[in-house]
Amino acid sequence: MLIALHPSSGVPVYRQVLQQVRERILGGQLKRGEQLPSVRELSAMAGINPLTAAKVYQFLEAEGLVETRRGQGTFVAGDAKKLSAASRRAEIEPALRQLVAEAIHLGIERGDLQRLVAATFESIKSGENL
Amino acid sequence: MNTEAIIVENITRGYGGPPVLQGLDFRVSRGSIYGFLGRNGSGKTTALKTLAGLIRPESGSVRVLGGDPWTFGAGERQRVGYVSEKQSLPPLGRVAKLVKFCAQLYPAWDHELCDGLLNRFQIPLKSRVAKLSLGQQRLLAFVLALAPRPDVLLLDEPAANLDVVARREFLDQILELIRDGKKSVLFSTHILSDVERVADRVGILSDGKLVVDESLDDLKESVRQLRFFGFQGPPPAEIPGALRVRRDKNELMAVLRLNGPDAPAQIAARLGCQVEDNPLSLEDLFIELTRNSR
C-alpha cells in the first residue's frame, strides 16, 4: 500500500493514513476479505511510527471497515459496504463543512448553494468535467 | 515488564547560576519515540545528560529502565545508547579500528547491522575518522550507538549537519529500532518536521519545565487557529483561554486549546459570529507556545 504523507501539515499523520486506507476500502480498491499489511509492514512501508499504524487499524476496526482475526492479521470486513454509510458521511463531513462555511462567508443563500451542489453533482456524474 | 522506559520526576539542575531545569517531569513508554523540543538554552541537553547518567540532578528522581543512570554498572549502561550534541569520536585512526574497538565492548553488538548502515551511509571503513565530514561523523556516532541494539536510545540533536537524504535514512533507522515494541528513543531536535514524521509523543521544554507533554496527534487536534468573523457588533476585547489573539477590523484570529471537535462552533455561537477552523503545523504550535520564554 503506497501512502502519501505530509507530516508538516496540521493534520495528524494517523488521520492522513486513515483517510487513504479508508478511501481504498470504500472505493473498492481493497476488496472484502482482503488481507491488509501488518502493523509492522504498514509502519515500514509508510515510514511511520508503529504506534501510529496501530492507531489507524483501531479506528478502521471501530468503524467496522476492517476486522482482526486472531493470529492471522487484519482483513477488510466482509460487510464493509453495508456498514459504510456512516463512514462515508464522516469522510465527507470536513469538506462539506468547509464548503458551507465558505458559502456563508461569501453570502450565498441556502437555496442557491443547494442548486449549485445539485448542478455540480450532475455535471461530474455525467463525466463532463472528467 | 515495566512499560515505562524513562521516568523523570520533578528534577532540578543548574550550573551555579539560575537553575536550568526547574521541576522537569515526563515519561517515555517502551515502543515510543519521544520528540524533545525547546529553544536554545531551554535545558534539553542538560536533561539528556541526566538521563545518560553523565550529570546528577540536584533534586527529583530519574529512572531509566528501572534504575538510576547515575549509579549504572557497565551492564546497565550498555542497554542505553547516547549520542551527545557535540559528539567527539575517539581519534583511533580509521573507521574500521574504531568500529572494532566499540564492538569488543558490547556482547550484543550487531555486526550485520553496523556494516549495513556504514555501507548505506557511505562511510568507508578505510577512512580516517578525523577526515570524515561533520555529517559523516555524526552518522558514524549514530551507527555506533545503534549497533548494540540499545533498549533506550538518547539522541541530542542527531540530525544537525545531516543532509536531507541522510536525515530520512536516520529516521527510518530509529523507526526500525523500535519496531519490536520494546525499545524507546528520546531525541531532541530543532527540525520539527522530523518529529512530525516519526514521533508519537512530543515534549516542549520552556523555562526548565515542559509546557507540552502529550501525544502529537492530540496536540495537533486540540490546539487550533480559529478565525472569528461576521460579528453583529464590535468584536470582543479578548477570547478567554486564548494563547494568542490577533485582530483586524471586524475579525479575530485566536490560537486556542480546544476540548472537542464541537468547541469552535460553541465559541462562535457564544460570541455571536462565524468561525473558520484551521489546523496548525508543529512549527506554528511551537512558536505560539514558546514565544515569550526561553
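Worth pointing out:
- When residues of the range B:163-203 are limited to those that are farther than 23 Å from residue B:64 by Cα and small (Gly, Ala, Ser), the one surrounded by the fewest Cβ atoms within 10 Å (Cβ to Cβ): B:193
- You will find that of B:244, B:227, B:201, the residue that is away from chain A (no Cβ under 13 Å) and of a type in the set (Lys, Arg) is B:244 and no other.
- Of all residues in the range B:1-53 being in a strand (DSSP E or B), aliphatic (A, V, I, L, M) and in contact with a Pro (Cβ under 8 Å, 6 or more places away or on another chain), the one that is surrounded by the most Cβ atoms within 10 Å (Cβ to Cβ): B:21
- Selection of the range A:96-115 for residues being within 16 Å of residue B:228 (Cα to Cα), surrounded by 10 or more Cβ atoms within 10 Å (Cβ to Cβ) and not charged (D, E, K, R) yields A:98, A:100, A:101, A:103, A:104, A:105.
- Counting the residues of the range B:276-294 that are in a strand (DSSP E or B) and modelled with pLDDT of 90 or more gives 0.
- Some residue of the range B:204-223 being within 14 Å of another protein chain (Cβ to nearest Cβ), touching a Ser or Thr at 6+ places or on another chain (Cβ under 7 Å) and within 20 Å of residue B:64 (Cα to Cα): no
- Selection within the range B:217-247 - among the charged types (D, E, K, R) and either touching a Pro at 6+ places or on another chain (Cβ under 7 Å) or outside any loop (DSSP other than H, G, I, E, B) (or both): B:217, B:218, B:220, B:221, B:224, B:227, B:244, B:246, B:247
- One residue from A:53, A:77 being without any contact (Cβ under 8 Å) to a residue 40 or more places away in the chain and out of contact with any Pro (no Cβ under 7 Å at 6 or more places or on another chain): A:53
- Selection within the range A:25-67 - at pLDDT 90 or above and polar (S, T, N, Q): A:35, A:38, A:43, A:49, A:52, A:58
- Residue in the range B:72-94 that is closer than 14 Å to residue B:140 by Cβ, within 22 Å of the chain's Cα centre (by Cα) and either assigned to a strand (DSSP E or B) or outside the structural domain of residue B:138 (by TED's automatic domain parsing) (or both) present: yes
The values are calculated or read from the model by the stated rules, or taken from the named source; none is laboratory data. Bear in mind the structure is a predicted one, so any value in this text is a computation, not a measurement. We place every Cβ from the backbone using ideal geometry, glycine too, and count neighbours over all the protein chains shown.
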